[in-house]
Amino acid sequence: MENRNHYEELFKKEFNKLNYQQKEAVETIENPVMVIAGPGTGKTQVLSLRIAQILKEGVCDAENILCLTYSESGSLAMQKRLSKILGPTASQVSIHTFHSFCNRVIYENPSIFKIRNELELAETIDQYEIIEVLLFNLDESNLLYKHDRNYTYDLKKIHHLFKSIKEEYWDIYKINESINKEIINLKTDDRFIYKRNSKEYKKGDLKQKAYDKEVEQLRKTQSVLELYPAYVKEMKQRDLYDFNDLILNVISEFQINTSLKSRYQEKFQYLLVDEFQDTNGSQFSILKLLTDLWKEESNIFVVGDGDQAIYRFQGANIANLREFEQIFKPKVIELRENYRSTQSILNLAEEFIQDSKERFTGRNTGALHSNSLAEDTKSILITYDTANAEYSDVSDKIELLISNDKVDPVDIAVLFRNNKDAELITKELSNRNIPFSISKELNVIEHPLVHFIMKILEYIEMEYSNPLDNEYTFYEILHAPFIKISALDIALIAFARRKLNLSDPNNSLRKRLSSKEFLESSNVSDVKEVLEVAQIFEILIKEKNDHTVQKLIENIFYQLKVIHFITSTDNSLELMEVINSFYEYVKALSIRIDNMTISDLVQHLNNLKNYNLNIPFVSVSGTKDKIRLSTLHSAKGLEYKHVFIVNAIEKGRKNSNSFKLPPGYSFRNDDTEEEDERRLYYVGITRAKEKLQLSYSTKKSNGKDQKPIDCIRNLENSEFLIHKQGKINEKQTLSSLEIKLSPLRKKYELLSDDKIEQFLETFSLSVTSLEKYLQCPLAFYYEKVLRVPGARSPYMGFGRAIHSALEDWVKNSDSLKNFDSKIFRELIESKMRIYRSHFTKEQFDSFLIKGQSELSRFIQINYHEWGSALKIEPEVNFKNQFYKGVPLSGKLDRIDEYSDGIVVIDYKTGNSDSDSLGKKLKAANDKNQLGGEYWRQMVFYSILNETSKIYRPWKEGIFYFVISNKKDEFVKKSISITEEDKSIVKSQIVDTYAKIVNKEFTPGCQKPECIWCSYLETGVIRIIEEDLEEEDYD
DNA sequence: CTACACAAAGTTTTT
DNA sequence: CTTTGTGTAG
């Protein structure tokens, strides 16, 4: 009883604090009510007090009240607030998200919803995997078919389309029909009709090319739609459901099963809905179904604010607010008293939103009225040159707030549009030792520590099934920060191996690392450490099958002293959280996958990576004493004294991630982006209680200009915003350089001069080494000087097999007289078998088919022409050539001799459709002083021919693309070479060789995509494919 | 107006 | 890799 009185007192006290409109909302418990609640107007308080009021009046019990929220966090916040006011009774009130409510309905009625087995929530990765299998099984004639089986890009688009089909309740057969109609309609569409005469065409003619392209796009969509039924079937087969299924299933059951619906209608007599503006169509349908018994007399209470509708992209619609008004004729109450922000902030927010065309604000407009007692200062907009300057300056300001103004870090938030913006800020904050908490999904899978653990797992698995054949992975692993072999020792090992026959298993990295003699003769400084590491890996591989995956990971942690390493670093807490996130993810996964093996895990993790999905970062240290980093979206509902909104720039508005749909169908939020953006920043601004700073930078990282978001540009003359120009001082530039040095990076040291001189003794410049050095000197150092093992790719295996097959075929003198397709096909197959390890099974099959059919056609088209050559010589090796003292070498695919000179032929096995082809073939000019790489290759060959004088003079250089392009042509490019071309490349040769002799390898090219340059920055090494051409080292 | 070459971009979030 | 926007020449 005492307790009860306590809560009654509490209610009275809280109720008395409310303003007139709030009280009205709390007290109106019968019939539909719609509360328009702007930001900071106390809606959660109103919702909870209203529930208390319903119970106080005794019209029903706590279990007859259903409170629906949009998000889990909203539901949690609601629960907390309610317990405060109601005490234990609060737990009897049903507080659900729409999804958990539907889940409850399904599980309360297993027989009705025909739940066979325990259903499991489909993660995005499950859906991707299902779609990928469907794509793998495609017929060669399907428009979506790709012979390299790389469907990464299509996967996303297909997933997006399938999701929309469910969200929008689309009928795939109807879409299909619309496409058929559209294809006919397009023939008379203005867009595809010539509007005037020209040489080639007449006014009124069909633009065939453009039309065909459009039709192909629509047909592709049809091919995707064809996969949909199989997708749905496979989801059922695996007992998987997705979030849309939850709601859709309940809707369709409520529609046909009146008695089921009635049971819930009777149970829940009082409905309350929070964040109503964020409900989507199907969620609203649930509400309509639950209330269709009483309609305008329903006790339904919704709280929403059209200006804060930011989930449009996933189906939420402001129209729901209007429709609610029409259907339920509710009493509308507007809350316009704001208890959070200063008036300046509210005025600014209003300026942001006032130009919105589509607003639902109820009767009143204008800024909310502030009740804040805080000092009212104007908000600031700062423009910086670069994002680095911006984040650095914002971090400085935060540091000052905490140290000088003694602001509690939890009162500070940095808000941004995209999660990836967070990464740069976290680096700046880490540098200043400012602790932060982040909303979620810092990409743990890309974190260096996780990367290395994944690589180790992958290596153990591969080495177990395919021993001594996974060099490059092992080489990468040695660079892990927790492995105490110095970077110099690794380089010495690589250098000592470069002259060995690497295809001999006895020379494999794994074997050599266990050999004391080898290590000592390589001048390795810490032989003992290397032997120890090698020994640990031997045991891990040997015992692979003796442990569960979890135990194996623990063993890796323990044996390689990962935890010990982490605790020795400055940011050990963050690193522990990263490792813990990974470990927790694996644990959860092992529950989902029965008897999970390492190969299951490795495959799963690689899929995550390939699909660009994340392992969520789980923080265990809480948010205490930390500033908050959050996306604008997830900042909703929260408030901070100091808010920094950064990187407020206009986004590139490309959506290449959707298939073309016929008229009448469109992906959500296609045409309302500007409005959505406005509301999003409105939400951001209204998070601030006292001080707000907006900022953006005018230049992208690549130096190109960028503009701020639209609504900022409209605020040029706002009286509520002070414009400032951010300056870069020297300290800031310095710190933006510092962030590039990760603590996880091993100390970097170049090989000693005598080693490099040793390298130069046998080095001769080939076109690939020249190219490599010009691309990136650091890459040259690693790939050519150290010769680190390269990764394999199917493209490389295919290229080598094809080159080798063509060589053999040309060698046979009968070949050119008579083309025997059967023998040729067999030749290709036998060559591909040699490079078997470059392919997965599926890849091997489709590359083989592709290679056989394309090459046969290629040869049939060309071999007559080749017949007129006096002599054809494949695989010509130029050795011991010199130009101005530079040793040159080269391996040419083929030289055809004619009476008037030689034709040098180079086969290309890659795609000739590529955009960059033209650039690669282009000679050097003022704009591009280097010139294209294919151009340089041919010029280099002509220089070799000139210095060697073995063959007749140069006549022509030809690139043959042996795979047909989209237009089904085999592209053939002839390069004409001038004396000027030769002199340019000659000077490139001399310059480059001089730089190599001078040991100029650092700093590399500094391009962000360069693996070696980024290795120096981050300590993570990710080896990609080897060069196509293998060089001689004898 | 049309064709072609070239560069840029690939969300945001929740369940 | 694919789509889309921009720039340029005809």
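Is it the case, given these coordinates, that A:Asp526 is of a type outside the set (Phe, Trp, Tyr), surrounded by fewer than 20 Cβ atoms within 10 Å (Cβ to Cβ) and at pLDDT 85 or above? Show your work before the answer.
Working: of a type outside the set (Phe, Trp, Tyr): yes; surrounded by fewer than 20 Cβ atoms within 10 Å (Cβ to Cβ): yes; at pLDDT 85 or above: yes.
Against the criterion (of a type outside the set (Phe, Trp, Tyr), surrounded by fewer than 20 Cβ atoms within 10 Å (Cβ to Cβ) and at pLDDT 85 or above), A:Asp526 qualifies.
Answer yes or no as to whether A:Tyr194 is at pLDDT below 80, more than 21 Å from A:Lys163 (Cβ to Cβ), within 16 Å of DNA strand C (Cβ to nearest atom) and not basic (Lys, Arg).
Against the criterion (at pLDDT below 80, more than 21 Å from A:Lys163 (Cβ to Cβ), within 16 Å of DNA strand C (Cβ to nearest atom) and not basic (Lys, Arg)), A:Tyr194 does not qualify.
Could you check A:Val35 against (1) crowded, with 19+ Cβ neighbours inside 10 Å; (2) modelled with pLDDT under 90; (3) among the hydrophobic types (A, V, I, L, M, F, W, C); (4) not in a helix (DSSP H, G or I) and say which number it fails?
Condition not satisfied by A:Val35: (2).
State which residue is farthest from DNA strand B (Cβ to nearest atom) when the search covers only region A:140-182 and only residues that are farther than 16 Å from A:Leu661 by Cα and acidic (Asp, Glu).
Step by step, filter region A:140-182, then rank; the result is A:Glu140.
Specify the residue that is surrounded by the fewest Cβ atoms within 10 Å (Cβ to Cβ); the eligible residues are those in region A:692-705 that are at pLDDT 75 or above and not hydrophobic (A, V, I, L, M, F, W, C). Before you say what the answer is, go through the steps one by one.
Taking region A:692-705 first, the residues at pLDDT 75 or above are A:692-699.
Cutting the leftovers down to not hydrophobic (A, V, I, L, M, F, W, C) gives us A:693, A:695-699.
On the way: A:Gln693: 20, A:Ser695: 25, A:Tyr696: 22, A:Ser697: 23, A:Thr698: 17, A:Lys699: 15.
Step by step, filter region A:692-705, then rank; the result is A:Lys699.
Assess whether A:Ile247 counts as being in contact with a His (Cβ under 9 Å, 6 or more places away or on another chain), closer than 30 Å to A:Pro39 by Cβ and surrounded by 19 or more Cβ atoms within 10 Å (Cβ to Cβ).
Judged against the criteria, A:Ile247 is a match.
If you check A:Ile353, A:Ile333, which single one turns out to be over 21 Å from A:Leu694 (Cα atoms), surrounded by 20 or more Cβ atoms within 10 Å (Cβ to Cβ) and more than 16 Å from DNA strand B (Cβ to nearest atom)?
Result of the check over A:Ile353, A:Ile333: A:Ile333.
Name the helices (runs of 4 or more DSSP H) wholly inside region A:61-138 in which the number of residues that are farther than 26 Å from A:Lys609 by Cα and not acidic (Asp, Glu) is 1 or more. First the steps, then the outcome.
Values: elements: A:72-86, A:98-108, A:124-136.
Once the helices (runs of 4 or more DSSP H) in region A:61-138 are filtered for at least 1 residues that are farther than 26 Å from A:Lys609 by Cα and not acidic (Asp, Glu), what remains is A:72-86, A:98-108.
Output the number of the condition that A:Ile593 fails; it satisfies all remaining conditions of (1) surrounded by 15 or more Cβ atoms within 10 Å (Cβ to Cβ); (2) away from DNA strand C (no atom under 16 Å from the Cβ); (3) at negative phi.
(1)
Taking the stated definitions as given, is A:Ser830 of a type outside the set (D, E, K, R) and surrounded by fewer than 19 Cβ atoms within 10 Å (Cβ to Cβ)?
Judged against the criteria, A:Ser830 is a match.
Looking at (1) more than 15 Å from DNA strand B (Cβ to nearest atom); (2) touching a residue at least 12 places away in the same chain (Cβ under 8 Å), find the lone condition where A:Asn185 falls short.
(2)
Please work out which one of (1) at pLDDT 85 or above; (2) in contact with a helix residue (DSSP H, G or I) (Cβ under 6 Å, 6 or more places away or on another chain); (3) in a loop (DSSP other than H, G, I, E, B) is the condition A:Leu468 fails and give its number.
Answer for A:Leu468: the failing condition is (1).
Run down A:Lys12, A:Lys23, A:Lys43 and say which single residue is among the basic types (Lys, Arg) and either loosely packed, with under 15 Cβ neighbours inside 10 Å or within 16 Å of DNA strand C (Cβ to nearest atom) (or both). Don't jump to the end; show me each part of the working.
Working: A:Lys23 fails: either loosely packed, with under 15 Cβ neighbours inside 10 Å or within 16 Å of DNA strand C (Cβ to nearest atom) (or both); A:Lys43 fails: either loosely packed, with under 15 Cβ neighbours inside 10 Å or within 16 Å of DNA strand C (Cβ to nearest atom) (or both).
Only one candidate passes the filter, namely A:Lys12.
How many residues are assigned to a helix (DSSP H, G or I) and surrounded by 13 or more Cβ atoms within 10 Å (Cβ to Cβ) if we restrict to region A:804-822?
Here the count works out to 8.
Can you tell me which of A:Leu500, A:Leu492, A:Leu468, A:Leu488 is surrounded by fewer than 18 Cβ atoms within 10 Å (Cβ to Cβ) and farther than 26 Å from A:Gln603 by Cα?
A:Leu500
Among the numbered conditions (1) within 14 Å of DNA strand B (Cβ to nearest atom); (2) modelled with pLDDT of 85 or more, tell me where A:Ile649 comes up short.
Answer for A:Ile649: the failing condition is (2).
In the list A:Asp900, A:Asp893, which residue meets the criterion of being within 25 Å of A:Ala805 (Cα to Cα) and either surrounded by 20 or more Cβ atoms within 10 Å (Cβ to Cβ) or not aromatic (Phe, Trp, Tyr) (or both)?
A:Asp893
Among the residues that make up region A:929-946, is at least one of them in a helix (DSSP H, G or I), farther than 26 Å from A:Ser899 by Cα, touching a strand residue (DSSP E or B) at 6+ places or on another chain (Cβ under 8 Å) and hydrophobic (A, V, I, L, M, F, W, C)?
no
Check A:Arg628 against each of (1) modelled with pLDDT of 75 or more; (2) touching a Lys or Arg at 6+ places or on another chain (Cβ under 9 Å); (3) among the charged types (D, E, K, R); (4) within 14 Å of DNA strand B (Cβ to nearest atom) and name the one condition it does not meet.
Condition (2) is where A:Arg628 drops out.
Pick from region A:200-228 the residues that are assigned to a helix (DSSP H, G or I) and more than 16 Å from DNA strand C (Cβ to nearest atom): which of them is surrounded by the most Cβ atoms within 10 Å (Cβ to Cβ)?
Filtering first and then ranking leaves A:Leu227.
Give region A:810-833 a look and list any residue that's aliphatic (A, V, I, L, M) and modelled with pLDDT of 90 or more, or say none.
Listed by number, the residues that qualify are A:Leu827, A:Ile828, A:Met832.
Does A:Ile975 fit the bill of being β-branched (Val, Ile, Thr), more than 35 Å from the chain's Cα centre (by Cα) and within 16 Å of DNA strand B (Cβ to nearest atom)?
yes
Kindly indicate the residue of region A:557-592 that is of a type in the set (Asp, Glu) and out of contact with any helix residue (DSSP H, G or I) (no Cβ under 8 Å at 6 or more places or on another chain) and also modelled with the lowest pLDDT among those meeting that condition.
Ranking the candidates gives A:Asp570 first.
Which condition number does A:Ser252 fail, the rest of (1) surrounded by fewer than 18 Cβ atoms within 10 Å (Cβ to Cβ); (2) over 37 Å from the mean Cα position of the chain (by Cα); (3) polar (S, T, N, Q) being met?
If we test A:Ser252 against (1) surrounded by fewer than 18 Cβ atoms within 10 Å (Cβ to Cβ); (2) over 37 Å from the mean Cα position of the chain (by Cα); (3) polar (S, T, N, Q), just (2) comes out false.
What are the residues in region A:874-924 that are free of Cβ contacts under 8 Å to residues at least 40 places away in the same chain and among the charged types (D, E, K, R), if any?
Once the filter is applied, which keeps residues that are free of Cβ contacts under 8 Å to residues at least 40 places away in the same chain and among the charged types (D, E, K, R), region A:874-924 yields A:Asp896, A:Asp915, A:Lys919, A:Lys920, A:Lys922.
Can you tell me which residues in region A:389-424 are part of a helix (DSSP H, G or I), polar (S, T, N, Q) and either within 16 Å of DNA strand B (Cβ to nearest atom) or surrounded by fewer than 22 Cβ atoms within 10 Å (Cβ to Cβ) (or both)? Show your work before the answer.
First, the residues of region A:389-424 that are part of a helix (DSSP H, G or I): A:389-403, A:409-411, A:421-424.
If we keep only those that are polar (S, T, N, Q) as well, we get A:392, A:395, A:403.
Selection gives A:Ser403 alone.
Hey, can you tell me all the residues within region A:480-522 that are hydroxyl-bearing (Ser, Thr, Tyr) and assigned to a helix (DSSP H, G or I)? Can you show your working first?
Our first condition is that a residue be hydroxyl-bearing (Ser, Thr, Tyr); within region A:480-522, this holds for A:486, A:503, A:508, A:514-515, A:521-522.
A:Ser521 - this is the single residue of region A:480-522 that is hydroxyl-bearing (Ser, Thr, Tyr) and assigned to a helix (DSSP H, G or I).
Which of the residues spanning region A:187-199 are surrounded by fewer than 17 Cβ atoms within 10 Å (Cβ to Cβ) and part of a helix (DSSP H, G or I)?
A:Lys187, A:Thr188, A:Asp190, A:Arg191
Are any of the residues in region A:140-156 among the small types (Gly, Ala, Ser) and buried (at least 18 other Cβ atoms within 10 Å of the Cβ)?
Checking region A:140-156: not a single residue is among the small types (Gly, Ala, Ser) and buried (at least 18 other Cβ atoms within 10 Å of the Cβ).
The values are calculated or read from the model by the stated rules, or taken from the named source; none is laboratory data. Please read these numbers as outputs of a predicted model, since none were measured by experiment. So basically every Cβ, Gly included, is an ideal-geometry build from the backbone, and we count neighbours across all protein chains shown.
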